[in-house]
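The values are calculated or read from the model by the stated rules, or taken from the named source; none is laboratory data. Every value quoted in this text rests on a predicted model; they were computed, and no experiment measured them. Backbone-built Cβ (ideal geometry, glycine too); neighbour counts: all protein chains shown.
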Amino acid sequence: MEHIISNLEKLIHQTGNLIELEESVRLLMYEVFASHMGEVFTRLNDVIVKEKQAKGWTVERNDSREVLFTFGGVAYQHTLMHDSEGHPHYPFDEWMGLKKYHRRSPFVEVKVAEMASESTYRETARILKEWTAVDISHTVVGTIIKQVGEAQAKADEEMVAELEEAAELPKGEEVDYLYAEADGVFVRGTEKKKSHEVHHAVLYEGWDKNGKRVSLRNPKVIMTTQPTEGFWNEVQALTADQYSLEKTQVVTNSDGGPGYTAEKFQEAFSQSEHPVLNQLDSYHVSQGLNRSLGAKQSEYKDGIRKALKEHDWVNFTLWLDTYESTLDDTKKIEKVGDFRSYIGRNWGRIIDWRECLENPPEDARSLGAMESNQRHVSYRMKKRGMHWSQKGAEAMVKIKQGMLNGTLREVYLKDQKRSIRKQREVKQKVRMSQVLRQPVRPSIGAKQGAIGVYTAHSSAIGKLAKSFS
């Protein structure tokens, strides 16, 4: 402590203003903490080595390793050992949860991924260098993104596999209503004229109101660039893991495009004994109407909207035919034909789900949360001319999914989470390392004593003993 205080006093004299002083103190803090952490790691390594030697393990050599934490690079000594069967191990690294060949701590890696999900790789590297001791390039940020995203993707694959292998569905939360919406958004790929579709689903239990603000209740998302079949398998697995839907009324919403049909929702939520209600997304209906008839208000659009609301096919056809008769442009006529076909294919889904139930919830609202939720993808992956590889796009959307669901850190640290028994071992080894901290016993001074003569002091032995006193 005195050494730190003297260094602080020295920095105060050497710096000319508070900005320089605080920056110097920050660097000193990183240096001190990294140095002390390295000493602790080395001592713990010594404790574990002695414990393993008692079990018959043999020592091959001591090596140096450095791991980057947010407070700096921690350098320490770890020991390569062989177990009773001759397999090599670094027992301290395994006990601590430090992965082989990883040069950064798990917290650094998951924090980099979380930051890069909101900022560009270069901006993430710059911010980290400004505020922490982490100095990495934007290419390393990309590598970390792939590692962390792969962990979330692997957890989703395991969830799907467990559902397929299970003899019965897991017991989940029982809810009266569950709402699900799904859609896709395309992001540009690295290959020319090739893009990746991000399949996106959001599940929620209702709505919470805070003043004029309305938010989804307990939302869960699934995002992936994998084929449609894999996407719906993940939706079904997540739902089965979270809910028991036997008595639940499921209400769904989509644009009816390829991969997001009513049949896909029915299959994903087939465990419910109630038929799944599926409505056509009103935003896409409105978007199709504006694309066909233009953005300006007109009596034709008002008439078509009224016909759709009243579910009146005759009036819908009448208004659309009347508008089409006013057109001379072939392209505009084709757009009207496309809109007619789109509505015709999905006519049975143009409903208000609240009118299809005898007793809808008191807080029931119209569906349509997907478009605002798509911003999580579009704001990060569709701006400033961004292009994505298949692996990079999948990693990014999985990180987004893990952050929104609150599972990213848990799945990334899945293999490193300590059990209660393991935590007791940690406390015991820390106490043992304190014992090893003292390399020698403290001096207790010279002992006092006397030599028994048992003879006359005038004898030769007596005179020798007298000379020592």
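Every residue, every condition in (1) in a helix (DSSP H, G or I); (2) in contact with a Pro (Cβ under 6 Å, 6 or more places away or on another chain); (3) at pLDDT 95 or above, yes or no:
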site: 160; (1), (2), (3): yes, no, no
site: 167; (1), (2), (3): no, no, no
site: 170; (1), (2), (3): no, no, no
site: 179; (1), (2), (3): no, no, yes
site: 199; (1), (2), (3): no, no, yes
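Of all residues in segment 240-261, one or more are within 20 Å of the chain's Cα centre (by Cα) and not in a strand (DSSP E or B). For segment 307-326, what are the residues that are more than 30 Å from residue 355 (Cα to Cα), surrounded by 13 or more Cβ atoms within 10 Å (Cβ to Cβ) and free of Cβ contacts under 8 Å to residues at least 12 places away in the same chain? Of everything in segment 307-326, nothing turns out to be more than 30 Å from residue 355 (Cα to Cα), surrounded by 13 or more Cβ atoms within 10 Å (Cβ to Cβ) and free of Cβ contacts under 8 Å to residues at least 12 places away in the same chain.
Just checking, does segment 249-261 include any residue being loosely packed, with under 15 Cβ neighbours inside 10 Å and within 20 Å of residue 279 (Cα to Cα)?
The answer is yes; a qualifying residue exists.
Of all the numbered requirements in (1) modelled with pLDDT of 95 or more; (2) over 20 Å from residue 39 (Cβ atoms); (3) of a type outside the set (Val, Ile, Thr), residue 65 misses one, and that requirement is (2).
Conditions tested, residue by residue: (1) modelled with pLDDT under 90; (2) assigned to a loop (DSSP other than H, G, I, E, B); (3) under 22 Å from residue 216 (Cβ atoms).
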{"residue": "332", "(1), (2), (3)": "no, no, no"}
{"residue": "338", "(1), (2), (3)": "no, no, no"}
{"residue": "395", "(1), (2), (3)": "no, no, no"}
{"residue": "399", "(1), (2), (3)": "no, no, yes"}
{"residue": "402", "(1), (2), (3)": "no, no, yes"}
{"residue": "415", "(1), (2), (3)": "yes, no, no"}
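Residue by residue through segment 65-115, note down the ones that are under 24 Å from the mean Cα position of the chain (by Cα) and of a type in the set (Ser, Thr, Tyr). Within segment 65-115, 70, 101, 105 meet the criteria.
Taking the criterion of being touching a residue at least 24 places away in the same chain (Cβ under 8 Å) and not hydrophobic (A, V, I, L, M, F, W, C), the residues of segment 100-119 that qualify are 102, 103, 104, 105, 106, 109, 111, 114, 117, 118. Reported count of residues in segment 124-145, each being modelled with pLDDT under 95 and among the basic types (Lys, Arg), is 1.
When 151, 180 are checked against the criterion of being in contact with a Leu (Cβ under 6 Å, 6 or more places away or on another chain), buried (at least 21 other Cβ atoms within 10 Å of the Cβ) and of a type in the set (Gly, Ala, Ser), a single residue qualifies: 180.
The residues in segment 146-158 that are over 17 Å from residue 68 (Cα atoms) and either in contact with a helix residue (DSSP H, G or I) (Cβ under 7 Å, 6 or more places away or on another chain) or basic (Lys, Arg) (or both) can be counted, and the count is 9. Within segment 279-306, take every residue that is among the small types (Gly, Ala, Ser) and exposed (fewer than 13 other Cβ atoms within 10 Å of the Cβ) and give me the one that is farthest from residue 182 (Cα to Cα). This residue is 298. Evaluation of residue 191 against the conditions (1) of a type in the set (Asp, Glu); (2) buried (at least 21 other Cβ atoms within 10 Å of the Cβ); (3) free of Cβ contacts under 8 Å to residues at least 12 places away in the same chain shows that the sole unmet condition is (2). On inspection, residue 215 qualifies as surrounded by fewer than 22 Cβ atoms within 10 Å (Cβ to Cβ), without any contact (Cβ under 8 Å) to a residue 40 or more places away in the chain and within 22 Å of residue 406 (Cβ to Cβ).
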